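Accompanying notes for the structure given below.
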Amino acid sequence: MGEVPKHTRAVIIGGGVSGCSVAYHLAAAGWSDIVLLERRQLTCGTTWHAAGLIGQLRGSANMTRLAKYSADLYVKLEAETGVATGMRQVGSISVALTAERHEELLRQATVARIFAVEVHEISPGEAKAAYPHLNIEGVVGAVALPLDGQCDPGNIAMALAKGARMRGAQIFEGVKVVDVTKAAGRVTGVDYEVGGERGHIACDVVVNCAGMWGRDLAEGSGVTLPLHACEHFYLITEPIAGLGHLPVLRVPDECAYYKSDAGKMMVGAFEPVAKPWGMQGIREDFCFDTLPEDWDHFQPILEHAMNRLPLFQTAGIHTFFNGPESFTPDDRYYLGEAPELGGYWVAAGYNSVGIAGSGGAGMALAHWITEGEAPFDLWEVDIRRAQPFQRNRRYLKERVAETLGLLYADHFPYRQMATARGVRRSPLHQALADRGAVFGEVAGWERANWFAEAGQVPKYRYSWKRQNWFANARTEHMAVREGAGFFDMTSFGKIRVEGREACAFLNRVCANEIDVGVGRIVYTQMLNARGGIESDLTVTRLSETAFLLVVPGATLQRDLAWLRRHVGGAFAVITDVTAGEAVLCVMGPRAREVLGRVSPADLSNAAHPFGTARQIEVGLGFARAHRVTYVGELGWELYVSTDQAAHVFEALLEAGGMTLCGLHTLDSCRIEKGYRHFGHDITDEDHVLEAGLGFAVRTAKPDFIGRDAVLRKRATGLARRLVQFRLTDPEPLLFHNEAVVRDGAIVGPVTSGAYGHYLGGAVGLGYVPCAGESEAEVLGSRYEIEVAGVRHEATASLVPMYDPGSERVRL
Ligand SMILES: Cc1cc2nc3c(=O)[nH]c(=O)nc-3n(C[C@H](O)[C@H](O)[C@H](O)COP(=O)(O)OP(=O)(O)OC[C@H]3O[C@@H](n4cnc5c(N)ncnc54)[C@H](O)[C@@H]3O)c2cc1C
């Protein structure tokens, strides 16, 4: 090992598969002046003991894309580096023991097809033929992926490390990073320790790939990286005569996976209640360590295994393995630049798919670092979704006990977490709960998703078919369309931007004209240089120098980070004021009538037109009433100081005439109206014109981020556009990630979907390639949506199917 250099371009912390992959891909992208520091030895954390399954079946479009990239890379790695990776495309079979699980597998297979991952739906008999040891009792169906693989995880990491070295990266073992130095909001280098001596490397970029150590390391730099280790188990048998070469087998309904290797059988577990580990920190000398056996904990898995693969009844046990792995509150890993500190990047928290995940994640992160933008939408795994409160260790400990098992649980649509709930609540929470609210959680916020009727159990019963709240949602939806609905949208992120240069600054980051009269509300997007959408928001001018930005609750940290990154020296103060106001929304054709009963304000179109905000009296208090809508109806969002929120709600209730509505209804109404949702229909990958939001872009403004990209796209024409679909058969459901099929060929995923109770069928949005085509040509095709392998006829529209002229908004 040579001398640790004094400066470099990027320091990667951690020599597990994640760090090795980031190093490999940064070097491959031309950043050869990089250093990887590993506190002990490469792979000595979690990587060395992984089971080595490389699966490509994922629940969402971009996660499938990344998993496929990993699998394709690992197949080539041995030839490239000369390191024996053990990667073999043995294929995989996932079997379903229930009809619901079968539907989930078939839906995942459809997602796989969008990215040309080879996948076959097979019968129980075909599964038996491919896997003779399998007891197919209770098996209702299966899917097979012939190009899935298994590998030697440690050697995958070693091969990536070698590939990185071959391109100039330097890797040092026995060097522990003790601090990340910073100045003026950016990293400047790392302090490290080697053999009791301290040293420093100056660098522009630091990448935290420290696995389960990553949270505490980040904490030292003020960076939020919420993850927590859990014990994770598998068991390996003694050699079994005549075992043969078998594909990987997953039986998620029994929380188990099976792998054959060198004549032995492995069974691994994703048990429903896991054992969090390392609450008090990780031993300093941890290196290739294992944790104690726990036979009682593993027993239920083993019992299922003995039934599912009877060979376990007689095989001797060679190894009981227990090792720690880091898990996150939502079962998704973290990638990207930390919002708190410029130049501090993260690739950690892999939830037991770090081997399969790191190839794609390393590629994506390296692209992001070197190009300044992610290669495609990575919001699902973006570090900016982490909430500051999630650093709480008790929260993490309670939550990861659940998330480990969720990997193999049914991933039903709308499924909510059961643990560590209730951290962030609206002032109306209890009042809504008392009236039947059934809550879901987003960014820690408890939000009423639907309201149970009197006598109905206020609890989800999940399914891939119509869930138990379908009729409730219909009632709520129709109340919004025909009467007045009430939504509690307190979870909105609220950002105040104030100062003598606030207007100029916002006009530079927003694509629409922000320099409007006081009291005007502007719907706009913040764009990146590619014209992609970084944020979807409304900006309300409160005074000459003060603006209120309203963003989705889930994107607040991301939006704050984007604003802070671009504010530079402008005289504008950016403050998160989310907790200061509750948001009570009255929406529907009778909204004026309902609000008029509790407010003396003139709510006529002349006095309070669409797109304006005014302070009004409500009951005994005040609200700033914003005339906007996300459901496509006449309505007001009342921004009420949190101390008055309960009172204003009571006043509205007393006025009567409103139906309490949940977020599911908000979603179904907005999809009918074709309103886009950030993170689904519009992301940083989606050009604002292709998203159909050109009406909110003012290229007459001389200078805003993304303007050139908008002008370019206007000149070259759209390559794809967001289209709205409705299934003609009223029965099947769309959630998202179903496949849009145009004239018989899959063209992409449904980006969001819901049941359109007014339109009378499932409605969804999705992009359709359209280079050089007229609108008539786009609409002239035959469209279907593939749901769980079955194609359903769909009508397509480029204008909202509900109220295309927006007349109802201006009633
Ligand atoms: C039982 C089990 C089975 C699994 N099976 C699979 C599987 O089949 N497929 C799959 O895809 N995944 C699997 N996984 C998950 C996979 O092993 C992990 O997701 C992956 O190894 C995580 O890699 P990492 O690089 O993030 O973390 P690690 O491998 O833990 O690497 C982090 C490294 O950072 C180093 N480090 C920490 N702090 C510092 C510091 N301050 N300075 C320098 N270095 C530091 C550590 O020493 C460590 O080497 C399994 C995990 C377990 C436990």
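Values in this text are rule-based calculations from the coordinates and carry no lab data. The model shown is predicted, which means the values in this text are computed figures rather than measured ones. Counting neighbours? That spans all protein chains shown, and the Cβs are built from the backbone with ideal geometry, glycine included.
Residues whose amide H comes within less than 5 Å of that of K275, counting only those at least five positions distant or on another chain, are E231 (H built at 1.01 Å from N in the peptide plane).
Here's how it looks for D261: its modeled amide H is under 5 Å from those of M266, which are all 5 or more places away or on a different chain. Of the GluC sites (Glu not before Pro) in the stretch 44-146, the ones in a loop by DSSP (not H, G, I, E or B) with at most 10 other beta carbons within 10 Å are E137.
Close amide H contacts of M417 (hydrogens built in the peptide plane, cut-off under 5 Å, sequence separation of 5 or more or a different chain): E441. Taken about its Cα centre, the chain carries a charge dipole of roughly 1260 debye when the Cβ of each Lys and Arg holds +1 and the Cβ of each Asp and Glu holds -1. Using the Cβ-Cβ distance between T545 and E453 with R0 set to 35 Å, the FRET efficiency from 1/(1 + (r/R0)^6) comes to roughly 0.15.
What the phi angles of the stretch 700-711 give under the Karplus curve with 6.51, -1.76 and 1.60, with θ = phi - 60°, is a coupling list of 5, 5, x, 8, 8, 5, x, 4, 4, 5, 5, 4 Hz, glycine and proline written as x. Under a model in which nothing but the beta-carbon of Lys, Arg (+1) and Asp, Glu (-1) is charged, the stretch 433-530 shows a dipole of about 360 debye around its Cα centre.
Taking the DSSP bridge list for the chain and keeping only pairs wholly inside it, about 85 percent are antiparallel. Among Y755, V119, V17, whose Cα projects farthest towards the positive end of the dipole of the chain, with charges put on the beta-carbon of Lys, Arg (+1) and Asp, Glu (-1)? Looking along the dipole axis, the top candidate is Y755. Separation of the stretch 551-614 and the stretch 215-256, taken as the distance between their Cα centroids, equals 45 angstrom. Counting 0.36 nm for each residue step from R435 to K76 and taking away their Cα separation leaves a gain of 123.4 nm.
For the chain, the longest principal axis of the C-alpha atoms and the axis of helix 153-166 are separated by about 80°. The string of couplings for the stretch 528-536 from the Karplus curve (6.51, -1.76, 1.60, θ = phi - 60°) is 9, 5, 8, x, x, 8, 8, 7, 10 Hz, one whole number per residue in order, with x for Gly and Pro. Between L106, S70, A51, the Cα set farthest toward the positive side of the dipole of the stretch 51-148 (charges on each charged residue's Cβ, about the Cα centre) is that of S70. When only the Cβ of Lys, Arg, Asp and Glu is charged (+1, +1, -1, -1), the dipole of the stretch 632-739 relative to its Cα centre reaches about 840 debye. Calculate how steeply helix 470-482 sits against the longest principal axis of the alpha-carbon atoms of the chain, using the helix alpha-carbon long axis, and give the answer as 0 to 90 degrees to the nearest 10. Approximately 30 degrees, to the nearest ten. Where only DSSP H runs of four or more residues are counted, the chain gives -8000 deg cm²/dmol as its mean residue ellipticity at 222 nm, each run worth -39500 (n - 2.57). With a ≥ b ≥ c taken as the square roots of the eigenvalues of the C-alpha gyration tensor of the stretch 754-811, please select rounded if a/c is under 1.5 and otherwise prolate if a/b is larger than b/c or oblate if it is not? Because a/c hits 1.5 or more and a/b fails to exceed b/c, the stretch 754-811 counts as oblate.
For the chain, the longest principal axis of the alpha carbon atoms and the long axis of helix 393-406 meet at an angle near 70°. Straightening the chain between E731 and L311 buys 146.9 nm, computed as 0.36 nm per residue apart minus the Cα-Cα spacing. Other residues whose C-beta falls under 12 angstrom from the C-beta of S491 contribute a net charge of 0, scoring Lys and Arg +1 and Asp and Glu -1. With a Förster radius of 45 Å applied to the C-beta separation of H566 and T319, the computed FRET efficiency comes to 0.25. Listed values for the stretch 375-386 are Karplus-derived 3J(HN,Hα) couplings in whole Hz (6.51 cos²θ - 1.76 cosθ + 1.60, θ = phi - 60°), namely x, 7, 4, 10, 3, 3, 10, 5, 4, 6, 7, 5, and x replaces Gly and Pro. Qualifying trypsin sites (Lys or Arg not before Pro) in the stretch 279-333, where qualification requires a DSSP coil assignment and no more than 16 other C-beta atoms within 10 Å, comprise R283.
Give K128/K259; K182/K397; K275/K397; K6/K162; K6/K182 a once-over and call out the pairs whose C-alpha atoms are over 18 Å from each other. Those over the limit are K182/K397; K6/K162.
The stretch 657-717 and the stretch 141-199 have Cα centres spaced 38 Å apart.
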